[in-house]
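Take a look at the structure set out below.
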Amino acid sequence: MAGDLIRGIMTSRTERNSSGSGVVYLDANATEPLRPQAREALLEAADLTGNPSSVHRAGRKARALLEQARNTVARYLDVAPLNCIFTSGGTEANVLAMRGLGQGRRFLIGRTEHDAVRKGAPEDAQVVWLDVDANGQVQLDKLEQALAQDETPAFVCLMLANNETGVLHPIDDVVLLCRKYGAHLHVDAVQTAGRLPLSVEQSGIDSLACSGHKMGGPKGAGALLLRGPAPARVLPIFEGGGQEQGRRGGTPPLPAIAGLAAALGAALEQPRDLAPLRNSIEQVAVAAGAKVFGADVPRLNNTTSLALPGKRAQAQLMRLDLDGICVSAGSACSSGKVAFSHVLKAMGAGDLAGQALRVSLPWNVTEQDVARFIESYTRMAQSPAAIGLVDSVV
Ligand code: PLP
């Protein structure tokens, strides 16, 4: 059946690709293409002049739109509207949780967390790193040991889905352990919000971070969501004018926030099962000699992490880029260079941590896009050409 699917994909040549530009964009976990609903909401909000904090009618109109967006996000993610705090994105939402709620606690942080979280604890905080297994899931016995080890209340940071592999932690078990030891559980749901239905209230998660541009919204807005009916106290990172109930100073970026709310609604109302396309890529990649990371455990259905032994990730990335295909390798540094993957290293991947590509399918991916990727990847994998020396994991 998968063979038929692949043949079908390879022959559907007339379809336009997702970007409509000849570029095949398969890097959704870096940022999703803007959804039309988000674009419309963004433009509408950009035309509003008022500052939501102003008391005059222009301000009140902007405030109404801000609160409408807050209600939408709160409804979809199931929190009290007053416990939805808008931020500039996922990084700020994570750091606000860690610094604003974690004061005086010791931090237990997963080794495969995004740098936003790995570097997000207050400067003087004690940090214990939580190991993962070969599939990238947190080792629950190690988590329990770390929770039991010290009486100082813990602040546990574990992401829902990993940005490189798509692997999901067993979050229900994590919630039970955190409850047992009175720990606060903060979850980075930047890659999950909009892709899987989530209820903060029912999940038992204490705080959750999400980001607009990872759902098909504009860049520049995110949200921190807190469980419980009463507005939670959060120490602001910057106090400014006391916006967001004194928890996040600064004029809210209304166009980006309106776009975030519209994107979240569109993503959850029109879910798309990308697993068949992702699986067809993996089938071809494995036949070409690739290893798939985290294949044995629950993962996001749009994400795959594929290593080609002996072929440097950066060289693979550049080869595909020459064919007009955009994917990622490891974590992209701000310099634009590719670093080896700390995620795969934590999973015990050894040298393969420097030889893996992340393919993440966007909400509007087409079969034609996948066919183009498969063609190019197979050529690259089979090529004996010097694709570079093997990188060593340091
Ligand atoms: N957390 C995860 C898991 C991510 O993948 C990212 C971005 O790649 C972030 C946090 C940071 O989000 P933002 O780019 O909105 O600051």
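Where helices (runs of 4 or more DSSP H) fall entirely within region 1-92, those with at least 2 residues that are at pLDDT below 95 are at 2-11. How many residues, within region 244-297, are farther than 19 Å from Cys84 by Cβ, in a helix (DSSP H, G or I) and touching a residue at least 12 places away in the same chain (Cβ under 8 Å)? Within region 244-297, residues that are farther than 19 Å from Cys84 by Cβ, in a helix (DSSP H, G or I) and touching a residue at least 12 places away in the same chain (Cβ under 8 Å) number 11. Scoring Val167 on the criteria (1) farther than 21 Å from Gln139 by Cβ; (2) touching a strand residue (DSSP E or B) at 6+ places or on another chain (Cβ under 7 Å); (3) of a type in the set (A, V, I, L, M) leaves a single failure, condition (1). Taken across region 205-218, residues that are more than 16 Å from the ligand (Cβ to nearest atom) and on the phi < 0 side of the Ramachandran plot do occur, with at least one present. Filtered by the rule that a residue be of a type in the set (A, V, I, L, M) and in a strand (DSSP E or B), region 197-214 gives Leu208, Ala209. Listed by first and then second residue, the pairs with beta-carbon distance under 7 Å, at least 6 apart or on different chains, first residue in region 191-204 and on the phi > 0 side of the Ramachandran plot, second among the charged types (D, E, K, R) and not in a loop (DSSP other than H, G, I, E, B), are Gly204/Arg179.
Regarding region 175-196, can at least one residue be identified that is within 22 Å of Gln270 (Cα to Cα) and assigned to a helix (DSSP H, G or I)? Scanning region 175-196 turns up no residue that is within 22 Å of Gln270 (Cα to Cα) and assigned to a helix (DSSP H, G or I).
Take Gly100 and decide whether it is surrounded by 18 or more Cβ atoms within 10 Å (Cβ to Cβ) and part of a helix (DSSP H, G or I). Show your work before the answer.
Details: surrounded by 18 or more Cβ atoms within 10 Å (Cβ to Cβ): yes; part of a helix (DSSP H, G or I): yes.
Against the criterion (surrounded by 18 or more Cβ atoms within 10 Å (Cβ to Cβ) and part of a helix (DSSP H, G or I)), Gly100 qualifies.
The residue of region 92-145 that is farthest from the ligand (Cβ to nearest atom), among those that are touching a residue at least 40 places away in the same chain (Cβ under 8 Å) and among the β-branched types (Val, Ile, Thr), is Val132.
Among the residues of region 209-242, count how many are surrounded by fewer than 19 Cβ atoms within 10 Å (Cβ to Cβ) and either closer than 18 Å to Val79 by Cβ or acidic (Asp, Glu) (or both). Total meeting the criteria: 6.
The values are calculated or read from the model by the stated rules, or taken from the named source; none is laboratory data. Here the structure is a predicted model, which is why all the values come from computation and not from measurement. Positions of Cβ are generated from backbone atoms using ideal geometry, with glycine treated the same way; all protein chains shown enter the neighbour counts.
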